[in-house]
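Visitor: Input: one structure, supplied below.
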Amino acid sequence: MREAKPWGMLAEFENTQTFYKGCEKIRDAGFSRWDAYSPFPVHGLDKAMGLKRSNLPWIVLICGLIGASVGFAMQTWVATTAYPVIISGKPFFSWQAFVPITFELGVLFGAFGAVFGMFGINKLPTYYHPVFTSDRFARVTDDRFFIAVEAQDPSYDERKTKKLLESAGATHIEQLED
């Protein structure tokens, strides 16, 4: 039988104030491999965690521009090369008629970029995570807040990390195994 190795520590908090302060303490202690879980969005939590801005807006912009370019190029090719038909005396390249399709393909590709970019950045789908083994973690969708610190973090020391989480206001701390 394989021996279970420690994955990290899970700390439970009762309210947003202590949870927010706990995130700041973990960030200030120099931890880099940790995460915060809450039942609803907490304003400013990304700042308290020290997270940098997401790359998702750039992914959406690039995908939207690619979609608009594909739409415009496709219509241009069809109207001027593949099926050049004079309609109502208009020239083959009548770009004004291409605007709606160009816009719609830009929006469509941007939406796909947002969905699949979010999946990639958030490493989804995640079928298993060690925090799911905690019975108390089920309350994260109800009324509790949690901070999980990974044992792989360079700053992790079981005793010191537990003491830090206790000083941050955690009501319950448990060791998680992988």
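Visitor: Just one of (1) outside the structural domain of residue 25 (by TED's automatic domain parsing); (2) at pLDDT 95 or above; (3) in a loop (DSSP other than H, G, I, E, B) trips up residue 153, so point out which.
Guide: All conditions are met except number (1).
This table checks each residue for (1) crowded, with 18+ Cβ neighbours inside 10 Å; (2) on the phi > 0 side of the Ramachandran plot.
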residue: 5; (1), (2): no, no
residue: 12; (1), (2): yes, no
residue: 22; (1), (2): yes, no
residue: 72; (1), (2): yes, no
residue: 88; (1), (2): no, yes
residue: 102; (1), (2): yes, no
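Listed here are the residues, each with its yes/no results for (1) crowded, with 17+ Cβ neighbours inside 10 Å; (2) small (Gly, Ala, Ser); (3) at positive phi.
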{"residue": "129", "(1), (2), (3)": "no, no, no"}
{"residue": "134", "(1), (2), (3)": "yes, yes, no"}
{"residue": "144", "(1), (2), (3)": "yes, no, no"}
{"residue": "149", "(1), (2), (3)": "yes, no, no"}
{"residue": "155", "(1), (2), (3)": "no, yes, no"}
{"residue": "166", "(1), (2), (3)": "no, no, no"}
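Visitor: Restricting to segment 168-178, and then to whatever is closer than 16 Å to residue 14 by Cβ and either in contact with a Gly (Cβ under 9 Å, 6 or more places away or on another chain) or of a type in the set (S, T, N, Q) (or both), can you tell me which residue is surrounded by the most Cβ atoms within 10 Å (Cβ to Cβ)? Give the derivation first.
Guide: At the first step, the residues of segment 168-178 found to be closer than 16 Å to residue 14 by Cβ are 168-174.
Filter once more, so that each one left must be either in contact with a Gly (Cβ under 9 Å, 6 or more places away or on another chain) or of a type in the set (S, T, N, Q) (or both): 168-171.
Details: 168: 21, 169: 17, 170: 23, 171: 14.
Out of the qualifying residues, it is 170.
Visitor: Among the residues in segment 100-112, are any assigned to a loop (DSSP other than H, G, I, E, B), more than 23 Å from residue 30 (Cα to Cα) and either touching a helix residue (DSSP H, G or I) at 6+ places or on another chain (Cβ under 9 Å) or touching a residue at least 60 places away in the same chain (Cβ under 8 Å) (or both)? Steps first, answer last, please.
Guide: Let us first name the residues in segment 100-112 that are assigned to a loop (DSSP other than H, G, I, E, B), namely none.
No, because not a single residue in segment 100-112 is assigned to a loop (DSSP other than H, G, I, E, B), more than 23 Å from residue 30 (Cα to Cα) and either touching a helix residue (DSSP H, G or I) at 6+ places or on another chain (Cβ under 9 Å) or touching a residue at least 60 places away in the same chain (Cβ under 8 Å) (or both).
Visitor: With respect to residue 42, is the statement that it is of a type in the set (Val, Ile, Thr), out of contact with any Pro (no Cβ under 8 Å at 6 or more places or on another chain), surrounded by 15 or more Cβ atoms within 10 Å (Cβ to Cβ) and not in a helix (DSSP H, G or I) true?
Guide: Spelling it out, residue 42 is indeed of a type in the set (Val, Ile, Thr), out of contact with any Pro (no Cβ under 8 Å at 6 or more places or on another chain), surrounded by 15 or more Cβ atoms within 10 Å (Cβ to Cβ) and not in a helix (DSSP H, G or I).
Visitor: Something else about it: In segment 49-64, which residues are surrounded by fewer than 14 Cβ atoms within 10 Å (Cβ to Cβ) and part of a helix (DSSP H, G or I)?
Guide: Across segment 49-64, the qualifying residues are 57, 58, 61.
The values are calculated or read from the model by the stated rules, or taken from the named source; none is laboratory data. A quick note: this is a predicted structure, and the numbers were derived from the prediction, not measured. A quick note on method: Cβ atoms are made from the backbone with ideal geometry, for glycine too, and the neighbour counts reach across all protein chains shown.
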